[in-house]
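All remarks here apply to the structure that follows.
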Amino acid sequence: MKHLRVLFTLFLLTQMGAVFAQEEESEPADKSLKGQFEELERKSTNYRSGNGVAYEVMKLSSINELKANIFDTINTANKNIKDLSNTITANEAEIEDLNSKLQETTNKLNSVTEEKDSISFFGALISKGTYNFILWSIIFGLLILLLFFIYRFRNSNFLTQQAKSALSDLEEEYENHRRRALEREQKISRQLQDELNKQKK
C-alpha cells in the first residue's frame, strides 16, 4: 500500500509538472527586442571561471536568431522611415498644391468681392461708396441749381409783375394825360375858333 501511495504521489507530481510545463510553454513570448533579450538571458546558464569571473553562457543559435531579429527589426524600421518620409514628401507636395489652389481661390474671391462691391462708372470700376458719393454730390448739385433757378424765376417773376404793374399804372397815367391833353387841345381849339369867329364879325 505504501508503494501505491508513492506511485500515486509520483503520478500526481508528474502530472502537475506537465501542467506547469505546458503553462510555461503556452505563455505567449514577448516578441519585442527587449522581450527576446530577456528570454535569452533567462535561458542562459552561468559559468564561473577558475579565477572567479562569472560568465553567461548562451546558445550560438539563440544569439544568431536574436541578431537576425535585430537586423530584421532595423530593416523594418528603415523601411517604415522611408515609407513615412515618402508619405511626408507626398503630403508636403499635396499641401503645397492645396495652398496654391487656396491662394488662387482667395484671389478669385477677392476679385469677385471687389466686382460685387464696385460699379462701372464711365468705364472705370469704382467702389459703391465712391459711386454713392458721386451720385449724391450730383443730386445735391442739381438740387442747389434747381433752388437757384427757382429763386431767380421768382425774383424775375416778381420784377416782371412789378414792371407790369408799373406799366399798367404808366399806361393809365398816360391815358389820363392824353385825355386831358386832348380835352385841353379841344378847349383851346374852341377858344381859338371862338376868337376867330369874333374877329370875323
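The values are calculated or read from the model by the stated rules, or taken from the named source; none is laboratory data. All figures in this text were calculated on a predicted structure; none of them were measured in a lab. Here the Cβ is made from the backbone with ideal geometry for all residues, glycine too, and neighbour counts use every protein chain on show.
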Output the qualifying pairs, or none if there are none: Cβ atoms under 8 angstrom, residues six or more apart or on different chains, first residue in region 97-115 and under 18 Å from residue 129 (Cβ atoms), second residue surrounded by 10 or more Cβ atoms within 10 Å (Cβ to Cβ). 114/125; 115/125
Restricting the search to region 54-73, which residues are surrounded by 10 or more Cβ atoms within 10 Å (Cβ to Cβ) and outside any helix (DSSP H, G or I)? 55, 56, 58, 59
Go over the candidates 125, 98 one by one and state the one that is part of a helix (DSSP H, G or I) and out of contact with any His (no Cβ under 7 Å at 6 or more places or on another chain). 98
Search result, residues across region 36-58 that are basic (Lys, Arg) and either more than 21 Å from residue 69 (Cβ to Cβ) or not assigned by TED's automatic domain parsing to the domain that holds residue 69 (or both): 48
Answer yes if at least one residue in region 42-53 is under 24 Å from residue 73 (Cα atoms), surrounded by 10 or more Cβ atoms within 10 Å (Cβ to Cβ) and either at pLDDT 60 or above or of a type outside the set (Ser, Thr, Tyr) (or both), and no otherwise. yes
Give the residues of region 61-90 that are more than 21 Å from residue 34 (Cβ to Cβ) and aliphatic (A, V, I, L, M), sorted by residue number. 84, 88, 90
Of the residues that make up region 66-74, is at least one at pLDDT below 85 and of a type outside the set (D, E, K, R)? yes
